[in-house]
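Read through the structure below, which is laid out as structure tokens, and then see the notes.
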Amino acid sequence: MVVQQRAHAIVPAIAWLLACTPVPSLDDAPVVACPSDLPSDGNCPDVAPSYQDEIQPLVDAHCGGCHYAGNRNSKQELETYDDLHDSISVVEKAVYRCEMPPAGEPRLAEAERRALLQWLVCGAPNN
């Protein structure tokens, strides 16, 4: 009987909260266009960004929070050059399609995205 009385008191409170809480709409979400500008491999190898100086710090900053050994949410490790090199096609597709970093995470700056994609299409040299 007491449980029923509490339930009767809680239901109107929940209904009031739902009615008074604005629900975000997909129409309100900012639309971020994903450029379709895969760099050409015609600029390789002279233009390939440096793994050591540009790519590794970029991957550490934008990917290291999820793509590490032992993370239960991502089996894709990107901690070392070999990890990244072994995942060239997966990483290239995810970055090209703007699927990574995922929604809610800081996006790659356009120059970072371009450098990573250029490095990947140039065969991901260990430079």
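The values are calculated or read from the model by the stated rules, or taken from the named source; none is laboratory data. This is a predicted model, so every value here is computed, not measured. Cβ atoms come from the backbone with ideal geometry, glycine included; neighbour counts cover every protein chain shown.
Find the residue count for region 107-127, including only residues that are aliphatic (A, V, I, L, M) and assigned to a loop (DSSP other than H, G, I, E, B).
Adding up the residues that qualify gives 3.
Mind counting the residues in region 80-111 that are loosely packed, with under 14 Cβ neighbours inside 10 Å, touching a residue at least 12 places away in the same chain (Cβ under 8 Å) and of a type in the set (Asp, Glu)?
Total satisfying the criteria: 2.
Report yes if some residue within region 13-35 is closer than 23 Å to Trp119 by Cα and at pLDDT 85 or above; otherwise report no.
Yes, region 13-35 contains at least one residue that is closer than 23 Å to Trp119 by Cα and at pLDDT 85 or above.
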